[in-house]
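Read through the structure below, which is laid out as structure tokens, and then see the notes.
What follows draws every value from the coordinates through simple rules; no lab data is involved. These numbers come from a predicted model, not from an experiment. Cβ coordinates were reconstructed from backbone atoms using ideal geometry, including for glycine residues, and neighbour counts include every protein chain displayed.
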Amino acid sequence: MNLEGKVALITGGSRGIGKAIAFKLAELGADIAINYSNNKERADKVVEEIKSMGRDAISIKGNVAKMEEAKDIVKKTKDKYDRIDILVNNAGITRDNLLMRMKEKEWDAVMDVNLKGTFNMSKSIIRSMLKQKNCSIINIASVVGISGNAGQCNYSASKAGIIGFTKSLAKEVAKKNVRVNAVAPGFIKTDMTDELPDKVKDEYINSIPLNRLGTPEDVANTVAFLASDLSEYLTGQVLTVDGGMAI
Ligand code: NAI
């Protein structure tokens, strides 16, 4: 896989899965723009590390849930590199609760970041990708967007929405060779999942045929494939990276 000469923009790229994606795409030769929401220091550390790998990188603050900020993230990336070949919509949050107890603001927050954020970023970039041609958008969904999960009506709905969005946009832009795919991770070991009690984690591991939690690198490898020409005949697909959990 070779991404030399390409520019990738990754939302929520300063930690967890987004950070692993940034490193993987840089390792394959891409220059990287990482968006972050708050922690500039952490984002700049990722930028420095990518630069030490011999690639260029910038960090851009912005809340993907706000259209104006999404536009600004795309503009700053284009101002710097004059092109964007790969967009990874990775930024995401959880606000878990049983529906009975779920507050409206917990529903709204998750939909705003996960689903509307994906819309905002894709809408802000699509015109330039259609003009440029040969680009790839990769949306980070989740297996729970396919199978559902108790306590995650908001999160599962947002991720199922991302899958529908992915397939529809793929049909709209395929003629210009802009490909749109989703990755649906299973249980991946990150700060997001570290918050769960050990008992819950053990239950998950027992339900995973490959018998371990996934790593951010497992997801990053699949994103790299979807970003590269090796997947040039794939669009509108959802690749599940879950150790067989959803079989
Ligand atoms: P994380 O919490 O470590 O990283 C999420 C990133 O998104 C953080 O850098 C955060 O600052 C950023 N972010 C949050 N709200 C934002 C906003 N409004 N604007 C810009 N950035 C924002 O979580 P993790 O685990 O790395 O998750 C990454 C993606 O993978 C998310 O979309 C998540 O839903 C998805 N995912 C994670 C799984 C897991 O097991 N960890 C499983 C399935 C999907």
Checklist outcome for this item: Two pseudo-spin positions, 7 Å from Cα along C-beta at TYR204 and at SER52, lie apart in nanometres by 2.9
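Would you kindly work out the equivalent ellipsoid of the chain from its C-alpha gyration tensor and give its semi-axes, the square roots of five times the eigenvalues, largest first in whole Å? Spell out each step's value before the answer.
Working: eigenvalues 145, 74, 70 Å².
Each semi-axis is the square root of five times an eigenvalue, giving 27, 19, 19 Å.
Only counting other Cβ atoms within 10 Å, I'd like TYR233, TYR204 sorted with the fewest neighbours first.
On the way: TYR233 7, TYR204 15.
Ranked by crowding around the Cβ, least crowded first: TYR233, TYR204.
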Next on the checklist: Give the aspartates and glutamates reachable from LYS66 as a straight Cα distance under 16 Å; neighbours fewer than 8 places away on the same chain don't count.
Outcome noted: ASP108, ASP112
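May I ask you to order 211-217, 177-183, 160-166 by the average number of other C-beta atoms within 10 Å around their residues, highest value first?
Working: 211-217: 15.6, 177-183: 24.1, 160-166: 19.3.
Result, highest mean Cβ count within 10 Å first: 177-183, 160-166, 211-217.
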Checklist outcome for this item: Listed by chain and number, the residues whose amide H is under 5 Å from that of PHE187, excluding neighbours fewer than 5 places away on the same chain and using placed H, are GLY214
Item to check | Peptides 148-156, 188-196, 80-88 ordered by average Cβ neighbours within 10 Å, highest first | outcome: 80-88, 148-156, 188-196
Checklist entry - Tell me, what HN-Hα J-couplings in whole Hz come from the Karplus equation 6.51 cos²θ - 1.76 cosθ + 1.60 at θ = phi - 60° for each residue of region 115-129, using x for Gly and Pro? => result 8, 5, x, 5, 4, 4, 5, 5, 4, 5, 9, 5, 4, 5, 5
Item to check | Set of lysines with alpha-carbon distance to LYS78 below 18 Å, sequence-local pairs under 8 removed | outcome: LYS6, LYS61, LYS123, LYS131, LYS133
Next on the checklist: So for region 136-246, if I pair up every lysine 8 or more residues apart or on another chain, how many of those pairs have alpha-carbons under 25 Å apart?
Outcome noted: 9
Item to check | Rounded tilt (10° steps) of 40-52 against the dominant C-alpha axis of the chain | outcome: 60
Checklist entry - ARG179's amide H: which non-local residues (gap 5+, or another chain) put their own amide H closer than 5 Å, with H modeled 1.01 Å from N in plane and none for Pro or chain starts? => result CYS135, SER136, ILE137
